[in-house]
Amino acid sequence: MEKPGIPGLFVYMGLRTAKDWNQFLLRFFVALGFWEVASVSLRTLLFSTFYFDPNLKNFFVPMSQVFWIGPIVADVLEVFFIGILISLVKPALPYGLIGGLLAGIIFSIAAFVAPALAISQFTGAFPVKLVWLWVFYQTVLSILSCFVFTFSSEED
């Protein structure tokens, strides 16, 4: 009997051969590449009004002091674990991009909407508009990543 652990998880995910790993990593890098291109313009578009708001002057770090490895590593980790999640639930999802849209919406409700509701209702520590813009931003990331990971071609 096989002991539970990481190798068992990878087999359960369907990552048994080098071809499976190549396909998973290719989709991971494509999803990450699409997201990094989209994230720069989305960050600028969504958060620029808050950056210059005098009420939030102490809330944001000046652009010259941002250590950019932090947001990039956060994006890498999120896209990688969305890929693992999609690999685990792919047999139960509807075929193709509909499954990606469904998985992305469900993931963002569980991972972002619920905590944002709790934060905005219980603490009041963050501006409500800022919290919901962050939820929208993360929802776009999860839907885009889920689209890439659930996309199927004739080779699959």
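The values are calculated or read from the model by the stated rules, or taken from the named source; none is laboratory data. Keep in mind that this is a model prediction, so the values were computed, not measured. Here the Cβ is made from the backbone with ideal geometry for all residues, glycine too, and neighbour counts use every protein chain on show. Side chains included, ligands, DNA and RNA excluded: accessible areas come from the protein's heavy atoms. Shrake-Rupley method; radii C 1.70, N 1.55, O 1.52, S 1.80 Å.
Structure values in brief
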read-out	value
Hits in segment 95-119 (condition: open to solvent by less than 60 Å² (accessible area, probe 1.4 Å), closer than 23 Å to residue 26 by Cβ and over 16 Å from the mean Cα position of the chain (by Cα))	96
Single condition residue 35 does not satisfy, out of (1) modelled with pLDDT of 70 or more; (2) open to solvent by 60 Å² or more (accessible area, probe 1.4 Å)	(2)
Segment 103-120 residues that are within 25 Å of residue 148 (Cα to Cα), paired with ones that are not small (Gly, Ala, Ser) and not in a helix (DSSP H, G or I) (beta carbon under 7 Å, 6 or more apart)	103/93
Restricting segment 61-94 to residues that are of a type in the set (Gly, Ala, Ser) and in contact (Cβ under 8 Å) with a residue 60 or more places away in the chain, the residue that is nearest to residue 26 (Cα to Cα)	83
